[in-house]
1. Checking residue 116 against (1) touching a helix residue (DSSP H, G or I) at 6+ places or on another chain (Cβ under 9 Å); (2) loosely packed, with under 14 Cβ neighbours inside 10 Å, which test does it fail?
2. Could you list, in sequence order, all residues of segment 227-243 that are without any contact (Cβ under 8 Å) to a residue 60 or more places away in the chain, within 15 Å of the chain's Cα centre (by Cα) and surrounded by 12 or more Cβ atoms within 10 Å (Cβ to Cβ)?
3. Being closer than 22 Å to residue 58 by Cβ and modelled with pLDDT of 95 or more is true for just one of 249, 258, 237. Which residue is that?
4. Which of the residues spanning segment 261-272 are surrounded by 13 or more Cβ atoms within 10 Å (Cβ to Cβ) and either under 12 Å from residue 226 (Cα atoms) or without any contact (Cβ under 8 Å) to a residue 24 or more places away in the chain (or both)?
5. Working carefully through the options 125, 180, 175, find the one that is more than 22 Å from the chain's Cα centre (by Cα), buried (at least 19 other Cβ atoms within 10 Å of the Cβ) and over 20 Å from residue 59 (Cβ atoms).
6. List the strands (runs of 3 or more DSSP E) that sit entirely inside segment 119-232 and contain at least 1 residues that are touching a helix residue (DSSP H, G or I) at 6+ places or on another chain (Cβ under 7 Å) and either farther than 22 Å from residue 259 by Cα or modelled with pLDDT of 95 or more (or both).
7. Filter segment 249-260 down to the residues that are surrounded by fewer than 15 Cβ atoms within 10 Å (Cβ to Cβ), in a loop (DSSP other than H, G, I, E, B) and in contact with a helix residue (DSSP H, G or I) (Cβ under 8 Å, 6 or more places away or on another chain) and list them by number.
8. Test of understanding: among 246, 292, which residue is buried (at least 16 other Cβ atoms within 10 Å of the Cβ), in a loop (DSSP other than H, G, I, E, B) and not assigned by TED's automatic domain parsing to the domain that holds residue 214?
């Protein structure tokens with residue numbers, strides 16, 4: 001049965017899990033990868049000789065890419081645009097929850113304890129967003145609208161960006177992190193960003209600063225982060241992790257000043273329908289020989305700024 005939103009496209013759909021992909025992909029020209037953490041495509045690459053196009057239902061394609069795919073003529077597209085605003089709203093919510101000390105309010109409520117105290121304002125707070133792509137840009141726009149001062153961190157430093165104002169080089173993040181009250185990670189996982197937030201960056205963050213990760217877990221050195229949290233030097237809101245689901249025995253669950261969510265920052269009601277409509281539009285374009293939307297630069301691992 002064809003899922004809602006994909007009817008009437010004039011193509012034959014095959015459905016499988018990772019174990020059945022080797023058989024299902026034989027003779028197929030296109031592949032839609034729902035499980036964006038799966039490495040099954042690499043495992044069955046020898047059977048995928050007829051594949052011309054792979055669509056990933058996520059913004060990040062880091063798990064999919066491997067050398068043979070990068071060097072091939074297979075086109076890779078992603079879900080660019082679907083998650084930008086929802087993730088930006090999640091980040092704004094995390095900033096507000098941190099400023100208003102919501103974690104302790106819930107703890108006091110559970111204890112039926114009336115505890116009056118003063119909290120912080122977000123007006124004028126400094127936010128450094130690592131990743132200047134669509135998600136980072138949507139986040140910058142929303143946080144600026146809420147009255148915060150925003151900078152970006154990207155591959156190339158520049159001034160005068162319409163949304164970030166100043167963009168600093170992410171390679172020099174340890175020299176820039178001390179400016180921020182909130183350090184937001186919204187970058188793709190690449191060789192350049194893996195382990196980017198290390199002990200040096202965490203040590204450079206101002207006392208009481210807040211790390212928000214809506215990107216990929218391996219961008220952060222989890223051991224260094226855990227130490228910083230246990231020392232109560234910073235706080236964190238984490239939606240992504242090295243290993244997902246996060247094991248119930250993982251020490252991050254009980255780390256001080258830490259909020260954990262289950263990789264859901266972009267998942268709002270109706271997101272599956274939006275993904276289906278986006279994929280259906282690209283199927284129509286593909287069948288008509290028209291340029292596909294959201295083509296990923298396989299060498300970079302993401303869609304370059306200005307490209308769709």
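1. Status for residue 116: all satisfied but (1).
2. 238, 240, 241, 242
3. 237
4. Answer for segment 261-272, where residues must be surrounded by 13 or more Cβ atoms within 10 Å (Cβ to Cβ) and either under 12 Å from residue 226 (Cα atoms) or without any contact (Cβ under 8 Å) to a residue 24 or more places away in the chain (or both): just 272.
5. 125
6. Working: elements: 126-130, 149-154, 158-161, 165-169, 182-185, 210-213.
By residue number, 126-130, 149-154, 165-169, 182-185, 210-213.
7. Selection gives 256 alone.
8. Just one listed residue meets the conditions, 292.
The values are calculated or read from the model by the stated rules, or taken from the named source; none is laboratory data. Here the structure is a predicted model, which is why all the values come from computation and not from measurement. Here the Cβ is made from the backbone with ideal geometry for all residues, glycine too, and neighbour counts use every protein chain on show.
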